[in-house]
Amino acid sequence: MIIANPIYDTVFKFLMEDLSIAKTIISVIIGEEIVDLSVKPQEETTFSEKYFLTVFRLDFKAIIKTADGAEKKVLIELQKSKNSFDLQRFRHYLGKNYSTPDDLDGYRISLPIVPIYFIGFPLSIPNTVLKIGRRYEDLSSGEILNQKDEFIESLSHDSFVVQISKLHGEMKTKLERILSIFNQKWIFDEDKKWLLQYDEDNKDLDEETRKILKRLSIAAESNEVKDRIKAEETFDDSMDRALRMKEIVIEEKEAVIEQKEAVIEQKEAVIEQKEAVIEQKEAVIEQKDIELKEKDLKLLEQQKELEELRKLLSKKD
């Protein structure tokens with residue numbers, strides 16, 4: 001089956017516009033049932049010429065059923081980036097959501113936030129999907145508390161990271177099956193990286209995964225999606241060229257710095273040699289001074305002896 005590559009912002013947006021699919025993907029990542037999901041009108045794609053980065057962001061309001069059966073309203077924040085990591089931009093989006101209250105039943109409140117990061121670049125951690133969690137701990141006794149508090153939940157958050165570049169071929173769990181659509185091993189033509197040839201003959205594929213694949217196959221056939229992808233690829237190519245030029249400039253500057261450091265080292269070596277010569281000359285001078293002092297002492301002793309001899313001779317006369 002030919003499907004569109006969801007690592008592209010255009011395809012990812014097209015995929016997540018189907019709220020039932022968005023609910024499936026988010027639910028399988030956070031490991032909790034989503035009772036209701038609605039998209040907030042804050043889709044945003046931002047690029048940074050300074051950091052050579054594009055970050056795509058989608059926000060959802062959700063009602064989640066927790067493990068104990070309770071329901072809570074949260075804000076799901078999806079951020080996706082193919083390129084170099086820009087911590088400040090991710091933090092900016094998160095801070096923006098924290099500072100923007102939501103309308104809920106006529107009240108302005110700050111919902112707890114659950115951020116999910118899809119990243120196309122590798123972290124130092126090898127694991128594919130990460131959950132960065134929190135816990136309540138009584139520091140006096142060390143007891144881990146199961147109770148949650150609304151005030152604390154609104155101030156802090158768990159987060160999830162999906163490393164697209166480290167997806168493997170296994171599809172044993174539902175999470176692995178769902179995320180397999182992001183696996184870049186399905187690229188079959190280097191000139192058409194926005195298309196994937198997905199193996200749909202796997203018997204383990206469930207209906208939810210097949211629904212996602214169907215949505216992506218529609219995207220692959222859409223001329224509108226294709227045109228947007230070409231524009232996205234043009235932008236990415238421009239950013240790649242700019243990054244290469246920046247690396248060349250950095251390498252040239254580093255070469256100049258190395259040359260300057262080599263010249264400085266040579267000058268320091270010459271200075272050290274001169275200082276060594278000076279030290280040798282000073283040592284010679286000190287030695288001569290010592291020898292002169294010794295000669296002076298000997299002369300004084302000889303003069304004393306001569307004086308004594310004269311005195312003796314004068315007495316005899």
| query | Out of all the residues in region 184-199, is one or more aliphatic (A, V, I, L, M) and under 26 Å from ASP59 (Cβ atoms)? | reply | no
| Which one of LYS315, LYS295 is surrounded by 10 or more Cβ atoms within 10 Å (Cβ to Cβ) and either at pLDDT 85 or above or basic (Lys, Arg) (or both)? | LYS295
| query | Quick one: LYS214 ticks every box in (1) charged (D, E, K, R); (2) out of contact with any Leu (no Cβ under 7 Å at 6 or more places or on another chain); (3) in a loop (DSSP other than H, G, I, E, B) bar one, so which box is it? | reply | (3)
| field | Test result for LEU145, surrounded by 13 or more Cβ atoms within 10 Å (Cβ to Cβ) and in contact with a strand residue (DSSP E or B) (Cβ under 8 Å, 6 or more places away or on another chain) | value | no
| request: Considering only residues that are β-branched (Val, Ile, Thr) and crowded, with 16+ Cβ neighbours inside 10 Å, look in region 109-128 and name the one that is nearest to the chain's Cα centre (by Cα). | output: ILE119
| Going by the conditions given, is LYS211 more than 26 Å from the chain's Cα centre (by Cα) and modelled with pLDDT under 75? | no
| Index of the failed condition, GLU207 passing every other in (1) within 20 Å of LEU19 (Cβ to Cβ); (2) in contact with a helix residue (DSSP H, G or I) (Cβ under 6 Å, 6 or more places away or on another chain) | (2)
| Complete set of residues in region 161-175 that are of a type outside the set (A, V, I, L, M) and either touching a Gly at 6+ places or on another chain (Cβ under 9 Å) or more than 22 Å from PRO122 (Cβ to Cβ) (or both) | GLN163, SER165, LYS172, LYS174
| Can you name the residue in region 177-199 that is without any contact (Cβ under 8 Å) to a residue 24 or more places away in the chain and touching a Gly at 6+ places or on another chain (Cβ under 9 Å) and, of all such residues, is surrounded by the fewest Cβ atoms within 10 Å (Cβ to Cβ)? | LYS185
| field | Pairs with Cβ under 9 Å, 6+ apart, first in region 130-141 and under 30 Å from LYS166 (Cβ atoms), second surrounded by 11 or more Cβ atoms within 10 Å (Cβ to Cβ) and among the polar types (S, T, N, Q) | value | LEU130/SER159; LEU130/GLN163; LYS131/SER159; ILE132/SER159; GLY133/SER159
| note | Conditions (1) of a type outside the set (Val, Ile, Thr); (2) out of contact with any helix residue (DSSP H, G or I) (no Cβ under 9 Å at 6 or more places or on another chain); (3) touching a residue at least 60 places away in the same chain (Cβ under 8 Å) -> GLY120 fails only (2)
| field | Wholly within region 123-206, strands (runs of 3 or more DSSP E) carrying at least 3 residues that are among the aliphatic types (A, V, I, L, M) | value | 129-132
| field | Unmet criterion (only one of (1) surrounded by fewer than 18 Cβ atoms within 10 Å (Cβ to Cβ); (2) within 28 Å of the chain's Cα centre (by Cα); (3) in contact (Cβ under 8 Å) with a residue 24 or more places away in the chain) for ASN202 | value | (2)
| query | For residues in region 32-57 being more than 25 Å from the chain's Cα centre (by Cα) and of a type outside the set (D, E, K, R), which is modelled with the lowest pLDDT? | reply | PRO41
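The values are calculated or read from the model by the stated rules, or taken from the named source; none is laboratory data. Computed from a predicted structure; not experimentally measured. A quick note on method: Cβ atoms are made from the backbone with ideal geometry, for glycine too, and the neighbour counts reach across all protein chains shown.
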